[in-house]
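To keep things clear, I will list the structure first and then write my remarks on it.
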Amino acid sequence: MPLDDARIRPAQPSDESALAALDREAWSRLHAVTPRPEPDGSFFDERHTPDDFLVGVVDDAIAGYVRLVPSTPLAVNAHVRQIQGLAVADRARGRGLGRALIRAACALAREQGAHRITLRVLGHNTPARALYETEGFVVEGVLPGEFLMDGEYVDDVLMGRSL
């Protein structure tokens, strides 16, 4: 069933506990190269501030997020934004929230003056790769065997699109 009542908004500091809980719930080796989040861990820090996130709200509760940041701090690269995190709660999966978050990130990147948007996705994350492709992202490079996860080498796939 599609999400008719979802809304996307900028994250706020008061969202931290809900986002931390979502991050723990959504963590999976399908997409995460970092360790499982700690039960009492924080979500925001000096590198991950509320200004970097859009949240998806369903039934008055946070059900997803996307992190959008400049690709690098270089002035010559200021026209590029990068998605560095996307998560959707189990209760909202398959209903269009991930797609809505990607579209909102692209719109925000355009508002910020970006002309391109990029992301990295694990090679074995077929559902995410398919979603990104339907939103106009194409594979622009592959780093073969970039990560060793649970005894398996996993590719890092670089995707991007113009805005």
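Summary of values
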{"quantity": "Residue in the stretch 56-65 that is among the charged types (D, E, K, R) and within 15 Å of the chain's Cα centre (by Cα) present", "calculated": "no"}
{"quantity": "Qualifying residue in the stretch 122-132 (condition: under 14 Å from ARG67 (Cα atoms) and open to solvent by less than 40 Å² (accessible area, probe 1.4 Å))", "calculated": "no"}
{"quantity": "Complete set of residues in the stretch 1-23 that are at pLDDT 95 or above, out of contact with any Pro (no Cβ under 6 Å at 6 or more places or on another chain) and outside any helix (DSSP H, G or I)", "calculated": "ILE8, ARG9, PRO10"}
{"quantity": "Among (1) modelled with pLDDT of 95 or more; (2) under 19 Å from ALA128 (Cβ atoms); (3) loosely packed, with under 15 Cβ neighbours inside 10 Å; (4) not aromatic (Phe, Trp, Tyr) - the single one ARG91 does not satisfy", "calculated": "(1)"}
{"quantity": "For VAL55: the one exception among (1) open to solvent by less than 40 Å² (accessible area, probe 1.4 Å); (2) touching a residue at least 40 places away in the same chain (Cβ under 8 Å); (3) touching a helix residue (DSSP H, G or I) at 6+ places or on another chain (Cβ under 8 Å); (4) under 23 Å from VAL157 (Cα atoms)", "calculated": "(4)"}
{"quantity": "Verdict on ARG129 being assigned to a helix (DSSP H, G or I) and within 14 Å of the chain's Cα centre (by Cα)", "calculated": "yes"}
{"quantity": "Residue ID - surrounded by the most Cβ atoms within 10 Å (Cβ to Cβ), chosen from residues in the stretch 64-81 that are more than 19 Å from PRO13 (Cβ to Cβ) and touching a helix residue (DSSP H, G or I) at 6+ places or on another chain (Cβ under 9 Å)", "calculated": "ARG81"}
{"quantity": "Which numbered condition ALA114 misses (of (1) touching a Cys at 6+ places or on another chain (Cβ under 8 Å); (2) among the hydrophobic types (A, V, I, L, M, F, W, C); (3) assigned to a loop (DSSP other than H, G, I, E, B))", "calculated": "(1)"}
{"quantity": "Tally of residues being within 23 Å of HIS79 (Cβ to Cβ), open to solvent by less than 20 Å² (accessible area, probe 1.4 Å) and in contact (Cβ under 8 Å) with a residue 60 or more places away in the chain across the stretch 95-121", "calculated": "2"}
{"quantity": "First in the stretch 137-163 and modelled with pLDDT of 95 or more, second anywhere and open to solvent by less than 70 Å² (accessible area, probe 1.4 Å) and of a type in the set (Phe, Trp, Tyr), Cβ under 7 Å, 6 or more apart", "calculated": "VAL154/PHE147; ASP156/PHE147; MET159/TYR132; MET159/PHE137; GLY160/PHE137; ARG161/PHE137"}
{"quantity": "Selection from the stretch 133-146 of residues that are over 15 Å from the mean Cα position of the chain (by Cα) and either of a type in the set (Lys, Arg) or loosely packed, with under 14 Cβ neighbours inside 10 Å (or both)", "calculated": "THR134, VAL138, GLU140, GLY141, VAL142, LEU143, PRO144, GLY145"}
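The values are calculated or read from the model by the stated rules, or taken from the named source; none is laboratory data. What you see is a predicted model; the values in this text were computed from it and never measured. Here the Cβ is made from the backbone with ideal geometry for all residues, glycine too, and neighbour counts use every protein chain on show. Side chains included, ligands, DNA and RNA excluded: accessible areas come from the protein's heavy atoms. Shrake-Rupley method; radii C 1.70, N 1.55, O 1.52, S 1.80 Å.
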